[in-house]
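Asker: Let me give you the structure first, and then I'll get to my questions.
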Amino acid sequence: MSPDAEPPQIALRAITRVYGQGEAMVRALRGIDLTVEAGDFLAIMGPSGSGKSTAMNVIGCLDTPSAGSYHFQGVDVSGLSRDQRALLRRNYLGFVFQGYNLLPRTSALDNVELPLIYKGLPRAQRIAMAREALDKVGLAHRAHHDPSELSGGQQQRVAIARALAGHPGVILADEPTGNLDTTRSREIMELLSGLNRDDGITIVMVTHEEDMAEYARRHVNFLDGLIAEDHLHQVTEG
Amino acid sequence: MLLEAFRLALHAIFRNALRSFLTVLGIVIGVASVIAMVTIGQGSQLRVTRDMESLGTNTVMVVPGQGGMRQGGFTADRPFTIADAEAIQQDLSTVAIAAPYNITGITAVYGNQNHFTQLVGATTELMDAMNWSIAEGRAFSEAEERAGRPVCVLGQTVREELFGSIPPLGQTVRLESLACEVIGILESKGATSFGEDQDDTVAIPLKTFQRRIAGNDDVSIIFIEARADVSTVRAIRDIEALMRDRRRISSGEEDDFSVIDMKQIASILTGITSVLTGLLSAVAGVSLLVGGIGIMNIMLVSVTERTREIGIRLAVGAQAGQVLMQFLVEAIVLSLLGGVMGIALGLALGALGAHLMAIPFAPDPFVILVAFAFSAGVGVIFGYFPARRAARMDPIQALRHQ
């Protein structure tokens, strides 16, 4: 790697992912090349079974590819151990899921604090950072409420705060608006594009809603385990 | 991180307080029964030792027959006489005190109250030797003893049963055909190791007993204290030889009396209580094992139930070791809480048992420490397998779990 050229944040080369064996073999990814520069905003689209979720899992270091190479900020991830991948998720990645995935019977603040615990930060600093993140998503006043006391939109904002708390470079959002109505969905998308625009956080989002994809700068379409289309998109403000 | 895991564990435990409590109930019961058993067992051993000490370690009882001591004191065997006791005291250099006495069951009557109790025909010497002290009034004098006067000293139980709140001194109590004046009340002594109430007794002079109650000159027991500088074994040998001679038992024949060494009885009693304590503790120990398996079961259920939570934790960057630690610490904290509750409950039960059995409350700090360590051990052993299962989960599968 040449010292003057900044490596791309995410670089997938000829990634395949195969489940099962023989007759029952499923080829979820059949050779994918994808490069994402820091600060980009991607919308990954495609019909179900097209491999977009598998690709997200690979990017998120939750899954390992069967073949191909994955470099994250110049580091070869395919060779990392399970625990090393956990470290990478902890320090560089934030996750937002369709079903929010907050811990039940645990306050919003404690939920946001969770990734910071694994970073081994002292409690006072964790709470300060968690509050800051909650403030950023506009839920500082709901810090001590349990998820069950929050609306879906609020829960998703807590989840975004959790993803943000550790100051990651990348947020991976898997159908973040899948469970929300249009108004709430737009609020969440505004929040995400704000984070992308103002904080320079790279966002990779899986969605099947064209409306939500409008917020992204780049559209990547999956079909049958391959990237069918990858083009820039003119973001229309408002 | 360990402190954090501890905090998380407490959070998880109290998030589902009822289930956590039911989970550790096995440990609570196990630890409580071990602690209670050991506490009561040691209390009774202590009691035996203390009883024997109050009697004196060089105390020997001589009773007629080969059956040993019998309730009530009367046996078909040839009884002793006062002369036997006098001979033991005077002829044997190894003996300090030989005090004859009689015992029988009798109904004591005062007014319309009556109470079945133990009547002792005693001498002042015997009362001294047995540490019977007077709480109220006085003991009978040697003159009253020689003359066989109708006077009596009551134990606390008899006094309560017959007189209640009436002052008993100077009143007359009827013992069968004998009407005797109450001249004193004995100091309370509590129950013996055998559970016998030592306060349920009435003492009258031995002569009075022989003439007015038994109608003969018999003595049913001789209480002997060996000299302090002489071994009890030697004193017993002397007593046996003298009594065989006095009772004209030829060398081929067996003794028709028994010499009982109180030390032996003490060691037998101590032996029995320690064997019983051991057995019961072993049974209680099994319930600890069952409690441990209960913890493992619930932890496994908990791990399955919390699959999604584990997935979330893994996704935000928890390493396998951290998840393992979390569940392991949770199991340990859970079983330690159970252990602490068990120790508290066991001590409470032990104290209650000690109170009911009138034995000293003797908690053993070592056993408490062992119980605490054991419950931690249960947490480690039975928590490890579920924790390892949690740590090895695949984050994607775990996140998809419904």
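Asker: Regarding the stretch B:330-347, can at least one residue be identified that is out of contact with any Leu (no Cβ under 9 Å at 6 or more places or on another chain), acidic (Asp, Glu) and in contact (Cβ under 8 Å) with a residue 12 or more places away in the chain?
Answerer: Within the stretch B:330-347, not a single residue is out of contact with any Leu (no Cβ under 9 Å at 6 or more places or on another chain), acidic (Asp, Glu) and in contact (Cβ under 8 Å) with a residue 12 or more places away in the chain.
Asker: For the stretch B:198-246, which positions are β-branched (Val, Ile, Thr) and either free of Cβ contacts under 8 Å to residues at least 40 places away in the same chain or not assigned by TED's automatic domain parsing to the domain that holds residue B:139 (or both)?
Answerer: B:233
Asker: Same structure again: Please list, ordered by residue number, the helices (runs of 4 or more DSSP H) wholly in the stretch B:98-174 having 3 or more residues that are of a type in the set (Gly, Ala, Ser) and more than 25 Å from residue B:58 (Cβ to Cβ).
Answerer: Correct list: empty, since no element meets the threshold.
Asker: What number of residues in the stretch B:308-329 are touching a residue at least 60 places away in the same chain (Cβ under 8 Å) and either within 14 Å of chain A (Cβ to nearest Cβ) or outside any helix (DSSP H, G or I) (or both)?
Answerer: 14
Asker: What are the pairs, 6+ residues apart or on separate chains, where a residue within the stretch B:136-147 that is in the same structural domain as residue B:101 (by TED's automatic domain parsing) has its Cβ under 8 Å from a residue that is surrounded by fewer than 18 Cβ atoms within 10 Å (Cβ to Cβ) and of a type in the set (A, V, I, L, M, F, W, C)?
Answerer: Pairs that qualify, where the first residue is in the same structural domain as residue B:101 (by TED's automatic domain parsing) and the partner is surrounded by fewer than 18 Cβ atoms within 10 Å (Cβ to Cβ) and of a type in the set (A, V, I, L, M, F, W, C), are B:136/B:169; B:137/B:169.
Asker: Hey, can you tell me all the residues within the stretch A:94-109 that are out of contact with any helix residue (DSSP H, G or I) (no Cβ under 8 Å at 6 or more places or on another chain) and facing chain B (nearest Cβ under 10 Å)?
Answerer: Of everything in the stretch A:94-109, just one residue is out of contact with any helix residue (DSSP H, G or I) (no Cβ under 8 Å at 6 or more places or on another chain) and facing chain B (nearest Cβ under 10 Å), namely A:99.
Asker: Within the stretch A:49-96, track down each residue that is over 12 Å from the mean Cα position of the chain (by Cα) and among the charged types (D, E, K, R).
Answerer: A:52, A:63, A:76, A:82, A:83, A:85, A:90, listed by residue number.
Asker: I'd like the full set of residues that are more than 14 Å from chain B (Cβ to nearest Cβ) and over 21 Å from residue A:43 (Cα atoms), limited to the stretch A:145-186.
Answerer: A:145, A:149, A:150, A:151, A:152, A:154
Asker: Would a scan of the stretch B:294-307 turn up a residue that is in contact (Cβ under 8 Å) with a residue 24 or more places away in the chain, surrounded by 15 or more Cβ atoms within 10 Å (Cβ to Cβ), touching a His at 6+ places or on another chain (Cβ under 9 Å) and of a type outside the set (D, E, K, R)?
Answerer: Scanning the stretch B:294-307 turns up at least one residue that is in contact (Cβ under 8 Å) with a residue 24 or more places away in the chain, surrounded by 15 or more Cβ atoms within 10 Å (Cβ to Cβ), touching a His at 6+ places or on another chain (Cβ under 9 Å) and of a type outside the set (D, E, K, R).
Asker: In this structure, is residue B:109 more than 19 Å from residue B:218 (Cα to Cα), in contact with a Cys (Cβ under 8 Å, 6 or more places away or on another chain) and touching a residue at least 12 places away in the same chain (Cβ under 8 Å)?
Answerer: So residue B:109 does not fit the description; no.
Asker: For the stretch B:268-291, name all the residues that are surrounded by 14 or more Cβ atoms within 10 Å (Cβ to Cβ) and closer than 30 Å to residue B:222 by Cβ.
Answerer: Across the stretch B:268-291, the qualifying residues are B:269, B:270, B:273.
Asker: Being farther than 27 Å from residue B:262 by Cβ, surrounded by fewer than 23 Cβ atoms within 10 Å (Cβ to Cβ) and not hydroxyl-bearing (Ser, Thr, Tyr) is the filter here; which residues of the stretch B:173-225 pass it?
Answerer: B:174, B:175, B:176, B:178, B:179, B:180, B:181, B:183, B:211, B:212, B:215, B:216
Asker: Cβ-Cβ under 8 Å, sequence separation 6+ or interchain: first residue in the stretch B:112-125 and acidic (Asp, Glu), partner crowded, with 22+ Cβ neighbours inside 10 Å and assigned to a strand (DSSP E or B). Which pairs?
Answerer: Listed by first residue and then by second, the contacts come to B:125/B:99.
The values are calculated or read from the model by the stated rules, or taken from the named source; none is laboratory data. Just so it is clear, the structure is predicted and the values come from calculations on it, not from any experiment. Neighbour counts run over all protein chains shown; Cβ positions are idealised from the backbone, glycine included.
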